[in-house]
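The values are calculated or read from the model by the stated rules, or taken from the named source; none is laboratory data. Given the structure is predicted, the values throughout are model-derived calculations rather than measurements. Cβ: placed from backbone, ideal geometry, glycine included. Neighbour counts: every protein chain shown. Ligands, DNA and RNA are stripped out before the accessible areas are found, and what is left, the full protein with its side chains, is counted by its heavy atoms. Shrake-Rupley method; radii C 1.70, N 1.55, O 1.52, S 1.80 Å.
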Amino acid sequence: MANARYPAARRAAMLIARRLRRWQIEPDHPGPSNLDQVAVLRRVLEEAGIHCEDSRELEDLAAFLISSPRGTEMVLSARLSDSERLLAYAHLLAHVLISGQRSGLFARFEYHAGREPTHLTMQERREEMVARSLARAILAGRLEGAPRYLYGPMALPSPRNGVRRAAAQVLLVVLHHASRALYWRSPSYQQLRGLPAIAGLVTRLQSFLGEAEPIAA
Amino acid sequence: MADRDEVQVARWAGIKERVGTRLREIRQGKKSQARLAGDLEELGYHVTQSMISRYEQGVLEVPLSLERLVGWALCCDSLTSATFHELLVLDGYYLPWSEDDLRAFDDLLRHYRTLPLVDQAVLRRKLLWHILGLDEQRDG
């Protein structure tokens, strides 16, 4: 069963990060309000085919995501502030990204502060941690502050472009896999990887090894 | 029963007791029949408490539709992916879920049951439409 939510989420994450980054680096721009940013996130998500809606009925849940072959939707509590909405959208989007190519029914819950369940499994805690980190990278407009394989396509080395290029691709694949594995296990690495200097260094290394920027659309 | 086929009636007659037993098992006394009728009403079904009782006893002649069966199952506190699958198979439907999907459904139910009832109701409505593969009628 094809999983359409993953490429859609990948595209949305890249577009959102790009848009937010552009806002941040424009010297004349007064800086977008949280309301502006929420509008951007919601529009990009909708354009990527992720339906977004508000619910006045939610109590403990701040938001939830539900996805199936029928489609993907995010439902947010109407009581959330703009900054909370921003986080909720980014966090749910991050969850879709880290779910990868998992197909079928998929759901994630966001709780209001203090209402989080205490019964999460180790895997769920880890996913939560990674999703928070990835959401921060999306909202900072710096997706490169997270391992490429969490949001970009996996490249397969091909000898068609020559042995040296194929060797560089093999090295890139190994580095990406290692980075992702470390990111899953280590909060320290998540922080380190998110630092602009480290992200810049990684981008330069990728560029040196001949990797193209992921394409958003 | 003029609007139902003889074959359909015969088929339902053959499975109604087993379906009823399964439905009773997944409700398992944690939720009253009245409460279940209320939950079903919220989902958009009109199934009275008396109908629930008769379905569970396997005495109601009206076949339970796929839509009702799925909605009913989602309202029950002891539903698991295995019983859901079994119930649908019993009723002649195929659930196209992999092992991973079944596990994900159990995880979903585990979290869902810790939520307040109002949150459960919102989620259940969404879940129902996703499982049935339908587009929800949205206001506006």
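What single numbered condition from (1) part of a helix (DSSP H, G or I); (2) open to solvent by 50 Å² or more (accessible area, probe 1.4 Å); (3) at the interface with another protein chain (Cβ under 9 Å from one of its Cβ atoms) fails to hold for A:ARG132?
So A:ARG132 meets the others, but not (3).
Out of contact with any His (no Cβ under 8 Å at 6 or more places or on another chain) and farther than 18 Å from A:SER68 by Cα - does that describe any residue in region B:92-107? Break it down into steps so the answer makes sense when it comes.
At the first step, the residues of region B:92-107 found to be out of contact with any His (no Cβ under 8 Å at 6 or more places or on another chain) are B:92-94, B:96, B:98-101, B:103-107.
Of the ones still in play, those that are also farther than 18 Å from A:SER68 by Cα are B:92-93.
Taking every residue of region B:92-107 in turn, at least one turns out to be out of contact with any His (no Cβ under 8 Å at 6 or more places or on another chain) and farther than 18 Å from A:SER68 by Cα.
What are the residue pairs meeting all of these: first residue in region B:71-92, first residue on the phi < 0 side of the Ramachandran plot, second residue among the polar types (S, T, N, Q) and not in a helix (DSSP H, G or I), Cβ atoms under 9 Å, and 6 or more apart or on different chains?
Partner pairs satisfying both residue conditions: B:CYS76/B:GLN28; B:ASP77/B:GLN28; B:SER78/B:GLN28.
Could you list, in sequence order, the residues of region B:109-120 that are more than 7 Å from every other protein chain (Cβ to nearest Cβ), part of a helix (DSSP H, G or I) and either open to solvent by 60 Å² or more (accessible area, probe 1.4 Å) or touching a helix residue (DSSP H, G or I) at 6+ places or on another chain (Cβ under 7 Å) (or both)?
Initially, region B:109-120 is screened for residues more than 7 Å from every other protein chain (Cβ to nearest Cβ), giving B:109-110, B:112-113, B:117, B:120.
Cutting the leftovers down to part of a helix (DSSP H, G or I) gives us B:109-110, B:112, B:117, B:120.
Matches in region B:109-120: B:ARG110, B:TYR112, B:LEU117, B:GLN120.
Checking B:LEU60 against (1) more than 14 Å from chain A (Cβ to nearest Cβ); (2) part of a helix (DSSP H, G or I), only one condition comes out false. Which one?
(2)
Matching residues to (1) surrounded by fewer than 17 Cβ atoms within 10 Å (Cβ to Cβ); (2) over 11 Å from the mean Cα position of the chain (by Cα); (3) modelled with pLDDT of 90 or more; (4) part of a loop (DSSP other than H, G, I, E, B):
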| position | (1), (2), (3), (4) |
| --- | --- |
| B:GLY14 | yes, yes, yes, no |
| B:ARG18 | yes, yes, yes, no |
| B:GLY29 | yes, yes, no, yes |
| B:ALA34 | yes, yes, yes, no |
| B:LEU40 | no, no, yes, no |
| B:SER50 | yes, yes, yes, no |
| B:GLU67 | yes, no, yes, no |
| B:VAL70 | no, no, yes, no |
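Look at A:THR72 and say whether it is open to solvent by 50 Å² or more (accessible area, probe 1.4 Å) and within 10 Å of chain B (Cβ to nearest Cβ). First the steps, then the outcome.
On the way: open to solvent by 50 Å² or more (accessible area, probe 1.4 Å): no; within 10 Å of chain B (Cβ to nearest Cβ): yes.
Here the answer is no, as A:THR72 does not meet what is asked.
Those residues that are free of Cβ contacts under 8 Å to residues at least 60 places away in the same chain, within 13 Å of chain B (Cβ to nearest Cβ) and basic (Lys, Arg), I need them from region A:75-124; list them, please.
Selection gives A:ARG79, A:ARG108, A:ARG115.
Could you identify the single residue in A:ALA140, A:ALA107, A:ALA78 that is of a type in the set (Gly, Ala, Ser) and crowded, with 20+ Cβ neighbours inside 10 Å?
Details: A:ALA140 fails: crowded, with 20+ Cβ neighbours inside 10 Å; A:ALA78 fails: crowded, with 20+ Cβ neighbours inside 10 Å.
When all the criteria are applied, what remains is A:ALA107.
Evaluate the following for B:LEU128: is it closer than 17 Å to B:ILE26 by Cβ and either away from every other protein chain (no Cβ under 14 Å) or out of contact with any Gly (no Cβ under 9 Å at 6 or more places or on another chain) (or both)? So that I can check it myself, show each step before the final result.
Numbers: closer than 17 Å to B:ILE26 by Cβ: yes; either away from every other protein chain (no Cβ under 14 Å) or out of contact with any Gly (no Cβ under 9 Å at 6 or more places or on another chain) (or both): no.
So B:LEU128 does not fit the description; no.
List the pairs whose first member sits in region A:1-12 and is more than 12 Å from A:TYR151 (Cα to Cα), whose second member is buried (at least 22 other Cβ atoms within 10 Å of the Cβ) and modelled with pLDDT of 85 or more, and whose Cβ atoms are under 6 Å apart, counting only residues at least 6 apart or on separate chains?
These pairs meet every condition: A:ARG5/A:SER67; A:ARG5/A:THR72; A:ARG5/A:VAL96.
Test each condition in (1) farther than 22 Å from A:GLU124 by Cα; (2) more than 14 Å from chain B (Cβ to nearest Cβ) for A:ALA13 and report the one that comes out false.
Only one criterion in (1) farther than 22 Å from A:GLU124 by Cα; (2) more than 14 Å from chain B (Cβ to nearest Cβ) is unmet by A:ALA13, namely (1).
Would you check which residues across region A:78-115 are assigned to a loop (DSSP other than H, G, I, E, B) and either among the polar types (S, T, N, Q) or at pLDDT 85 or above (or both) and list them? Let's see the steps before the verdict.
Start the filter on region A:78-115 by keeping residues that are assigned to a loop (DSSP other than H, G, I, E, B), which leaves A:78-81, A:100-105, A:112-115.
Hits for region A:78-115 are A:ALA78, A:ARG79, A:LEU80, A:SER81, A:GLN101, A:SER103, A:LEU105, A:HIS112, A:ALA113, A:GLY114, A:ARG115.
Consider region B:84-108. How many of its residues are more than 10 Å from chain A (Cβ to nearest Cβ) and either part of a loop (DSSP other than H, G, I, E, B) or open to solvent by less than 30 Å² (accessible area, probe 1.4 Å) (or both)?
Residues meeting the conditions: 8.
Give the residues of region A:21-34 that are assigned to a helix (DSSP H, G or I), loosely packed, with under 13 Cβ neighbours inside 10 Å and modelled with pLDDT of 80 or more, sorted by residue number.
Passing the criteria: only A:ARG22.
Within region B:126-138, does at least one residue satisfy the condition of being out of contact with any Ser or Thr (no Cβ under 7 Å at 6 or more places or on another chain), touching a residue at least 12 places away in the same chain (Cβ under 8 Å), closer than 19 Å to B:ASP39 by Cβ and of a type in the set (Lys, Arg)? Full working, then the answer.
To start, the set of residues in region B:126-138 that are out of contact with any Ser or Thr (no Cβ under 7 Å at 6 or more places or on another chain) comprises B:126-129, B:131-138.
Restricting the remaining residues to those that are touching a residue at least 12 places away in the same chain (Cβ under 8 Å) gives B:127-128, B:131-132.
From what is left, the residues that are closer than 19 Å to B:ASP39 by Cβ are B:127-128, B:131-132.
Still in the running and of a type in the set (Lys, Arg): none.
Checked region B:126-138: no residue is out of contact with any Ser or Thr (no Cβ under 7 Å at 6 or more places or on another chain), touching a residue at least 12 places away in the same chain (Cβ under 8 Å), closer than 19 Å to B:ASP39 by Cβ and of a type in the set (Lys, Arg).
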